[in-house]
Amino acid sequence: MIIEIELREVLRKRGLSSRELASRIGITEANLSRLVTGKIKAIRLSTLAAICEELDCAPGDILCRADSVK
């Protein structure tokens, strides 16, 4: 199963830049950029939790199966 990261869409809907989110959750812009572009193989649950808390969303709003991407 392939998992897609929909973080770019969630950020766009919230009117938030990657740079601002990275600063708020305490990770580097480079690492957040890798998440946004989907160029990662893993994500720490603590990072996912911090993103979801900051964006007021659930993990399922950010992660989805590739075959279910719109």
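Suppose the filter is among the basic types (Lys, Arg) and more than 9 Å from the chain's Cα centre (by Cα); does residue 65 pass it?
Details: among the basic types (Lys, Arg): yes; more than 9 Å from the chain's Cα centre (by Cα): yes.
Yes: the conditions hold for residue 65.
Scan region 15-26 for residues that are within 16 Å of residue 59 (Cβ to Cβ) and more than 10 Å from the chain's Cα centre (by Cα) and jot them down.
First pass over region 15-26, keeping only residues within 16 Å of residue 59 (Cβ to Cβ): 21, 25.
25 - this is the single residue of region 15-26 that is within 16 Å of residue 59 (Cβ to Cβ) and more than 10 Å from the chain's Cα centre (by Cα).
Any read-out appearing in this document is the output of simple, stated calculations on the displayed coordinates, not a laboratory observation. Keep in mind that this is a model prediction, so the values were computed, not measured. For neighbour counting, all protein chains shown are included, and Cβ atoms are generated from backbone atoms with ideal geometry for every residue, glycine included.
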